[in-house]
Amino acid sequence: MNSPKVIIVGSGIAGLSLALKLDAKHPGISILIITKAEAMESNTRYAQGGIAAVLNTNTDSIQSHIDDTIASGGELCNREIVEMVVNNAADEIAWLRKMGVVFDQNENGELNMALEGGHHHPRVVHAKDQTGLSVAETLLKRVLESSNIEIKTNLLVADLIKENNSIVGLHIYNESENKYESLYSNFIILSTGGCGQLFENTTNPSVATGDGYAMAIRAGALLQNMQYIQFHPTALYQKKISQSAFLISEAVRGFGAHVVDSKGVRFLFAEDIRGELATRDIVSDAINKYKTKHHLDCVYLDIRHIDYTKFRNHFPTITDKLEEQGFDIRKDLIPIIPSAHYQCGGIVSNKYGESSLENLYAIGEVACTGLHGKNRLASNSLLEALVFSENASKDIVSKINTTKQDIETNKTELAKQCIKANFEWLNTKIQNIKKWMSLCYSLHDKETIEAAIRYMQLVKNLTKSLLQNNFFSAELLQLHNMAYVAEHILLQQKYTDNNIALSSENTLDYVI
């Protein structure tokens, strides 16, 4: 492979928008996007709700959005970062519209603003109930039109290449050729998304195995708040667990849907006066408590009282999916369960997306910017990715234009054939990690967490040994990463205060 000036790992909204903004600010810069599946396969495409932004200060205020974000985050947010993100929201919506994203409008031609949990005002712009898909398709189309941006799909980034305290490249596993090779660049940006696949019930797609976190841990970057996993309260409940649960958007509750038990009791008000419009952590915790107390498999979403035509027009994808599953929303209660949805922590990065390691940036869900605290406010995630891609693009261009020297690219490149790791037990180990993590977040019990940590370390050491002996496969590498990230999450949950960062692989080796 040729050595581009910038390598972006991941093709969600963070990676695509960064590539486009870099291309616009520095025409001619060589940019490579690497993704381990097809370019459209990311958490972004599954984002139903929308993007939070204050566009009308007569009916809303910047300060209200700031206050809602900090309150949702349990007062653990970085106020300076929150203010920066919220103040730039309108500009990012304008940029998306310039790129060609079409948001829903009212009869006056103004953008429709939806109300979601944790928000005091309707301030979420959306494209029906497929906002993420609309954004991803539009940005990807723009990327493919650029002669300076290249996308390589179905490649697994195995690790970061580190020299002193600087990241200078990547080790890449090409599964189709069963080959392991190295690639160097001036700037490495991780926009690899989250780690929802660590849990049995998750709204995340199969690619969300925490690869970016794992690479950063092994390279010695700082990570923070990894224990704060946000569970979405309204994922469709199915007795047979699939790879990912179907998400029923936050906006559905903002549209008037009720959370009830099988008798129609709206039990959430016993936990919070906002009921269905409380923040996700409160609603999810309330549902789990109620399920445990009454020995229930699930609770329900009640849409029966909402006008069917209006609901279908607003949420066509959700309506179609529910009807495909045999539900008539005019008559039936919809079974729901909280599912792992979003990683609120991640690789510590500053307002420009810079990590603690030189040349390494992290933006999007993989980063811990200080915006979310311990619980992300609904529809702030796509906004965060857009604002930080703008900041990162400016920072990278400033370094290219001033003192940034090219990374030496004539190094001896590692390129070797691998032994295909087709072990029958790989999937069993992956399922065991999911069971342990789900159990730990269900019980919050010290003994369970300690036992889970020991299991993660056994899997981590086993997979590490196999990889060092030249065994490779996508499943083995993902299992390796999942064990690293799960261990890190559990150690942060057990040993750290809310705002203490763990760094380096060595930090993770003191539990026997």
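Structure values in brief
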item	result
Principal axes of segment 305-401: Cα extent on each, largest first, Å	60, 25, 20
In Å, descending, principal axis extents of the Cα set of segment 189-250	40, 19, 18
For segment 341-373 versus segment 146-205, the gap between their alpha-carbon centres in whole angstrom	16 Å
Distance (nanometres) between label positions extended 7 Å along Cα→Cβ at Lys263 and Lys435	3.5 nm
Added length on full extension, which subtracts the Cα-Cα distance from 0.36 nm per residue, Asn112 to Lys98	3.3 nm
Exceeding the 25 Å Cα-Cα cut-off - candidates Lys321/Lys435; Lys351/Lys464; Lys240/Lys494; Lys289/Lys494	Lys321/Lys435; Lys351/Lys464; Lys240/Lys494
Nearest-ten-degree value, helix 13-25 long axis tilted from longest Cα axis of the chain	60 degrees
Karplus (6.51, -1.76, 1.60) ³J(HN,Hα), θ = phi - 60°, over segment 119-134, in Hz, Gly and Pro reported as x	9, 8, 9, x, 8, 10, 7, 8, 10, 6, 10, 9, 4, x, 5, 4
Those GluC sites (Glu not before Pro) in segment 86-174 that DSSP places in a loop and that have at most 11 other beta carbons within 10 Å	Glu107, Glu110
Fully extended contour minus Cα-Cα distance, from Arg312 to Lys446, at 0.36 nm per residue	43.7 nm
Share antiparallel - DSSP beta bridges, the chain, percent rounded to 5	65 percent
Cα-Cα P(r), segment 21-68, percent of pairs per 5 Å interval	4, 14, 12, 10, 14, 17, 14, 11, 3
Angle between the chain longest axis and helix 446-468 axis [Cα atoms, degrees, rounded to 10]	40 degrees
Distance-filtered residues of segment 132-164 - backbone nitrogen under 15 Å, label point 7 angstrom along Phe471 Cα→Cβ	none
Efficiency of FRET from Cβ geometry, Trp425 and His294, R₀ 35 Å, rounded to 0.05	0.40
Computed label-point distance, nm, for sites Glu137 and Lys239 using a 7 Å Cα→Cβ extension	3.6 nm
Relative contact order %, the chain, counting alpha carbon pairs below 8 Å whose residues are six or more apart	22 percent
Longest DSSP-loop-exposure-free segment, chymotrypsin sites (Phe, Trp or Tyr not before Pro), the chain, at most 10 other Cβ within 10 Å	1-424
CD proxy at 222 nm, helix term only [per DSSP H run n ≥ 4: -39500 (n - 2.57); per residue of the chain; nearest 500]	-11500 deg cm²/dmol
Extension gain, Glu75 back to Asp91 (0.36 nm per residue minus Cα-Cα distance, nm)	3.2 nm
Estimated inter-spin distance, His120 and Met40, nm [label 7 Å along Cα→Cβ]	4.1 nm
Total charge dipole magnitude, segment 138-185, about the Cα centre, Cβ charges on Lys, Arg, Asp, Glu only, Debye to nearest 20	200 debye
Three semi-axes of the equivalent ellipsoid, the chain, Cα gyration tensor, whole Å, largest first	35, 28, 21
Percent carbon-and-sulfur accessible area, the chain, ignoring ligands, DNA and RNA, probe 1.4 Å	46 percent
Options Gln325, Ser465, Ile81, ranked by Cα towards positive dipole end of the chain, top entry (Cβ charges)	Ser465
Assigned charges on the beta-carbon of Lys, Arg, Asp, Glu; the chain dipole about Cα centre (debye)	600 debye
For segment 473-489, Karplus couplings with θ = phi - 60° (6.51, -1.76, 1.60), whole Hz, Gly/Pro x	6, 4, 5, 5, 5, 5, 4, 4, 5, 4, 5, 4, 5, 4, 4, 5, 4
15 Å Cα-Cα reach of Lys263 towards aspartates and glutamates, excluding residues that sit fewer than 8 places from it in its own chain	Asp297, Asp302, Asp332
Interchain or long-range residues, amide H under 5 Å from Ile33's placed H	Ile8, Glu150, Ile151, Lys152
Positive minus negative residues near His120 (Lys, Arg vs Asp, Glu; Cβ under 12 Å)	-2
Tail beyond 20 Å, pair distance distribution of segment 203-312 (Cα, percent)	52 percent
1.4 Å probe accessible area per residue over the chain, in Å²	40 Å²
Proximal aspartates and glutamates relative to Lys291, as straight alpha-carbon distance under 12 Å, when same-chain residues fewer than 8 apart are discounted	Asp261
Helix 381-401 vs. the chain, principal-axis angle (Cα, 0 to 90°, nearest 10)	30 degrees
Greater than 24 Å apart at Cα, pairs in Lys21/Lys98; Lys5/Lys98; Lys98/Lys141; Lys21/Lys152; Lys152/Lys374	Lys5/Lys98; Lys152/Lys374
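The values are calculated or read from the model by the stated rules, or taken from the named source; none is laboratory data. What you are looking at is a predicted structure, and each value in this text was computed from that prediction instead of being measured. Cβ atoms come from the backbone with ideal geometry, glycine included; neighbour counts cover every protein chain shown. Remember, those area values only see protein heavy atoms, side chains included, never the ligands or the DNA or RNA. Shrake-Rupley method; radii C 1.70, N 1.55, O 1.52, S 1.80 Å.
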